[in-house]
Amino acid sequence: MTFDLTPEQDQLRDAVRALGRRYGHGYFVEKAKAGEHTTELWAEAGRLGYLGVNIPTEYGGGGGGITELAIVCEELAAAGCPLLLLVVSPAIAATVLARHGTEEQRKRHLPGLADGSAKIVFAITEPEAGSNFHRLGTVARRDGDDWLLNGRKCYISGVDEAGHVLVVARTEDSSTGKLKPALFLVPTDAAGLTRSKLDMEIVSPENQFLLYLDDVRVPADALVGESLDAGLPALFAGLNPERITVAAMGAGTGRYAIERVSEYTATRKVWGGRSIGSHQGVAHPLAHAAVQVELARLMIQKAATLYDAGRDLEAGVAGNMAKYAAGEAAALAVDTAVQALGGAGMTTEYGVATLLGAVRAGRIAPVSREMILNFVAQHVLGQDKSY
Ligand SMILES: Cc1cc2nc3c(=O)[nH]c(=O)nc-3n(C[C@H](O)[C@H](O)[C@H](O)COP(=O)(O)OP(=O)(O)OC[C@H]3O[C@@H](n4cnc5c(N)ncnc54)[C@H](O)[C@@H]3O)c2cc1C
């Protein structure tokens, strides 16, 4: 067992950290508050090859795995720039296409995802179905050679920045009532696809949308994969990378908060000569949060290693546990940091309270803590399903 990164992974970590710090949390918040996107950071990360680290080299990527992409997600977040679209575009969409897309789809989409010039977002959540994907109501119906899509999606991140949405639909012939999902690459400017922006209490340069699909016509080659049978494995292919990278983003955010607050508590003195960090009432909660973040990082490393070794089932368990652990640790770290910063914790200047909404959302999305506990209870502990 080794806990060391390879020299290349170490270099990647240092380089991404340097890039993230050059932009920093101030840039991230400024963009969010101006209603703008982190276009410059995304473009530079793309040019430097960081967005395509996990994409095969023949399609312009770095040929690495989810371990490398998790490093990118964690280090940018640790620099105060938790970019949710890393989880959606390079982690979910690129993996789904690399593993299950047709050769034509891989050639057409992966180079743009790798260099950051294109983004593909992911739409599975629906108002009526929520956590229960078996109730998906978005239907894809054949019409000649084309497909017609109808349905509603909610909380879809980054639609305003993307060229395509990877839409999870139910194929109409699944009359058994069992979910037979199919994935479609739908251009964001397709006729019949409309959106409305959701007002979210998250300081983020990335937005969430309600999507309305009303007779959206797409050609046969918009279906991901060679046939309808590719749908289910393609959908599952995106889940492990999603959980591992979102966990990495959470761990990075936790590190960022702990670093910010530790600098402050080590030097702030309000009781004579001692720093507030010398008081155990302040230091222990911070140390506890640091332990939780570090434990989450270990689980992320395990999950990414298993995934990159092709051990998908084990990676599924580890990835879910990593996501749970990192979601809890990030929320704890940010909340604890705000408390130890006192009034400064609630200011924009100290750049920690600005993350409260994001880490809170990290316990709900992309899969809630309760659904992970259900998964662990059933698949690891052998308990009956209650729903
Ligand atoms: C910031 C953000 C970004 C997002 N981006 C995307 C995106 O890009 N694409 C996308 O498709 N979706 C996205 N989502 C949606 C996200 O994946 C869902 O919000 C999440 O899966 C939960 O679904 P829901 O909101 O419908 O909650 P519900 O399913 O309504 O659940 C509500 C509550 O009940 C609990 N619950 C439900 N069922 C059970 C059960 N059986 N046992 C125990 N507890 C249960 C849940 O854990 C949750 O706490 C995003 C959400 C947020 C907040």
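The values are calculated or read from the model by the stated rules, or taken from the named source; none is laboratory data. Bear in mind the structure is a predicted one, so any value in this text is a computation, not a measurement. Neighbour counts are summed over all protein chains in view; Cβ atoms, including those assigned to glycine, are modelled from backbone coordinates with ideal geometry.
Numbers at a glance
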read-out: Where a residue in the stretch 336-356 is within 17 Å of Ile202 (Cα to Cα) and its partner, wherever it lies, is part of a loop (DSSP other than H, G, I, E, B) and among the hydroxyl-bearing types (Ser, Thr, Tyr), with Cβ under 8 Å and at least six apart; value: Ala353/Thr347; Thr354/Thr348
read-out: Residue among Gly342, Gly327 that alone is of a type in the set (Gly, Ala, Ser) and over 19 Å from Glu294 (Cα atoms); value: Gly342
read-out: Restricting the stretch 320-368 to residues that are of a type in the set (S, T, N, Q) and more than 16 Å from the ligand (Cβ to nearest atom), the residue that is nearest to Phe28 (Cα to Cα); value: Thr348
read-out: Qualifying positions in the stretch 187-201 - buried (at least 16 other Cβ atoms within 10 Å of the Cβ) and assigned to a strand (DSSP E or B); value: Leu193, Arg195
read-out: Residue that is nearest to Gly327 (Cα to Cα) [pool: residues in the stretch 371-386 that are in contact (Cβ under 8 Å) with a residue 24 or more places away in the chain and within 11 Å of the ligand (Cβ to nearest atom)]; value: Ile372
read-out: Candidate set from the stretch 122-139 (those that are in contact (Cβ under 8 Å) with a residue 60 or more places away in the chain and part of a strand (DSSP E or B)); member that is nearest to Leu83 (Cα to Cα); value: Phe122
read-out: Matching residues, the stretch 211-235, being on the phi < 0 side of the Ramachandran plot, touching a residue at least 60 places away in the same chain (Cβ under 8 Å) and not in a helix (DSSP H, G or I); value: Leu211, Tyr212, Leu213, Asp214, Val216, Arg217, Val218, Pro219, Leu223, Val224, Glu226
read-out: Any hit, the stretch 253-269, residues being farther than 26 Å from Leu5 by Cβ, part of a helix (DSSP H, G or I), more than 26 Å from the chain's Cα centre (by Cα) and free of Cβ contacts under 8 Å to residues at least 60 places away in the same chain; value: yes
read-out: Tabulated pairs, the stretch 144-166, first free of Cβ contacts under 8 Å to residues at least 60 places away in the same chain, second within 13 Å of the ligand (Cβ to nearest atom) and among the charged types (D, E, K, R), C-beta under 7 angstrom, 6+ apart or interchain; value: Cys154/Glu126; Val159/Arg195; Gly163/Lys119
read-out: Candidates Gly130, Gly137, Gly151, filtered to the one that is more than 30 Å from Glu58 (Cα to Cα), more than 10 Å from the ligand (Cβ to nearest atom) and at pLDDT below 95; value: Gly137
read-out: Residue count, the stretch 194-213 (criterion: over 11 Å from Val159 (Cβ atoms) and of a type in the set (Val, Ile, Thr)); value: 2
read-out: Residue match in the stretch 244-263 (condition: under 30 Å from Ser196 (Cα atoms) and touching a Lys or Arg at 6+ places or on another chain (Cβ under 7 Å)); value: yes
read-out: Only listed residue being at positive phi, within 16 Å of the ligand (Cβ to nearest atom) and surrounded by 21 or more Cβ atoms within 10 Å (Cβ to Cβ), chosen from Gly116, Gly158; value: Gly158
read-out: Test: residue in the stretch 377-386 that is basic (Lys, Arg), out of contact with any Phe, Trp or Tyr (no Cβ under 6 Å at 6 or more places or on another chain), outside any helix (DSSP H, G or I) and farther than 30 Å from Thr2 by Cβ; value: yes
